[in-house]
Amino acid sequence: MSPASRYTYLGPEGTFTEAALHTLPEAATRQLTPMVSVPATLDAVRNGEAQAAFVPIENSVEGGVTATLDELASGRRLMIYREVLLPIAFALLARPGTGMESVKTVTGHPVAQPQVRKWLAKHLPDALWESAASNADGARLVQEGRYDAAFAGEFAAATYGLEPLVTDIHDAENATTRFVLLGQPARPSAPTGADKTSVVFWLRDDHPGALLEVLHEYASRGVNMMRIESRPTGEGIGRYCFSIDCEGHVQDRRVGDVLMGLRRSCREVRFLGSYPRADEQPPALRSGTADEDFVAAADWLTRCLDGRE
């Protein structure tokens, strides 16, 4: 297939990322290629080798996926076009014939460990945990005999010839991971009424209230922030950029006004896209923040300038 028909994703096969990707209807008509890392997954799109890339960006237990956040801030710009929310529950996978009493070593992705720590302490308190590159890679290592069991998605069992000893393992109820589909920068899709807008910004200088001034751009226009995280820029201790998701679409007057405010007050702003919310929840608009309110205010100012007010 040509690059236009190829999607890359954070592999290997049998990961939650692959499971989430298969929830997109277009995945059935694309060549899906697993990659070894987030940078490799995104670089395939940047280099024209794939149409889109699919990676995790946020987990409800552990927060942001730092590899993805850093790549979106520092690498060549890509845009988010879709998001997927996937409920996460783990299975303890082992080679056929293995009993719970035989499990002395377990493995999984480092992000999985905080999500199963309490279960592990209760049911396998003496088992030694060692991290793997991914949950699916942990399953592969169990298949090879390197570990006794792995925490992974139950769907990975068939891929690696394993059997689930226990299923539906999770310390936190409703644990969810958010994934995003990224492509080359282009015009955002049309507003749906239930959208999200993502940006990264760098403060112009460090002074008391600098971040508060930027956040006021959102608050004063009634735009709800859904996530904010700081990441080091590599420029020295105390130097950070900020990644923000907010409700709304860049074509909404309130959101567009926020972005213009950021552009005026920040050293740099990177627009990462406006795209449909996976939960399809429309924002609850405060009085005075709908598009018609911005239009009415602009008309009033015009009348003032014309001497009609």
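How many percent of the accessible area of the chain is carbon or sulfur, using a 1.4 Å probe? Mind showing how you got there, number by number?
On the way: 7650 of 14940 Å².
Within the chain, the accessible surface is 51 percent carbon and sulfur.
Under a Cβ-Cβ cut-off of 13 Å, what is the net charge of the residues other than GLU292 that fall near it, where Lys and Arg count +1 and Asp and Glu count -1?
Numbers: positive: ARG253, ARG254; negative: ASP252, ASP291, ASP293, ASP299.
The answer is -2.
Roughly how many Å is it from the Cα centre of region 8-67 to that of region 133-152, as a whole number?
Cα centroid of region 8-67 versus Cα centroid of region 133-152: 20 Å apart.
Around TYR147, what is the net charge, scoring Lys/Arg as +1 and Asp/Glu as -1 over all other residues with Cβ under 15 Å from its Cβ? Working shown, then result.
Details: positive: ARG95, LYS104, ARG140, ARG146; negative: ASP126, GLU130, ASP137, GLU144, ASP148, GLU163.
Charge balance near TYR147 sits at -2.
Kindly report the accessible area of region 40-82 per residue (heavy atoms of protein chains, probe 1.4 Å, no ligands, DNA or RNA), in Å².
Working: 1520 Å² over 43 residues.
Here the residues of region 40-82 average 35 Å² of exposed surface.
Find the accessible area per residue for region 110-215; the probe is 1.4 Å, ligands and nucleic acids are left out, and the unit is Å².
49
Just how large is the dipole of the chain about the Cα centre, in debye to the nearest 20, putting +1 at every Lys and Arg Cβ and -1 at every Asp and Glu Cβ? Write down the numbers at each step before the final one.
Numbers: 31 positive and 41 negative charges, 119 e Å.
It comes to approximately 580 debye.
Take the alpha-carbon centre of region 208-254, take the same for region 71-115, and report the distance between them in whole Å.
Here the answer is 29 Å between Cα centres.
Using Cα pairs under 8 angstrom and six or more residues apart, how large is the relative contact order of region 114-202, in percent?
Values: 44 pairs, mean separation 23.4, N = 89.
Result for region 114-202 is 26 percent.
Provide, in order from the shortest bin, the percent of all Cα-Cα pairs of region 1-107 in each 5 Å bin, continuing until the bin that contains the maximum pair distance.
2, 11, 19, 22, 17, 11, 8, 5, 3, 1
Where both residues lie in region 88-241, what percent of DSSP beta bridges are antiparallel, nearest 5?
DSSP beta bridges in region 88-241 are roughly 65 percent antiparallel.
For the chain, modelled as a Gaussian network with Cα springs under 10 Å, which listed residue fluctuates most, LYS122, LYS196, LYS104?
Result for the chain, Cα springs under 10 Å: LYS122 fluctuates most.
Work through the residues other than ALA94 whose Cβ is under 10 Å from its Cβ and net out their charges, Lys, Arg +1 and Asp, Glu -1. Please list the in-between numbers first.
Values: positive: ARG95; negative: ASP148, GLU163.
My count for the surroundings of ALA94 gives -1.
The values are calculated or read from the model by the stated rules, or taken from the named source; none is laboratory data. Model, not experiment: these values are computed from the prediction. Virtual Cβ from ideal backbone geometry, glycine too; neighbours counted across all protein chains shown. For the accessible areas, the whole protein counts, side chains as well, though only heavy atoms, and no ligand, DNA or RNA atoms are used. Shrake-Rupley method; radii C 1.70, N 1.55, O 1.52, S 1.80 Å.
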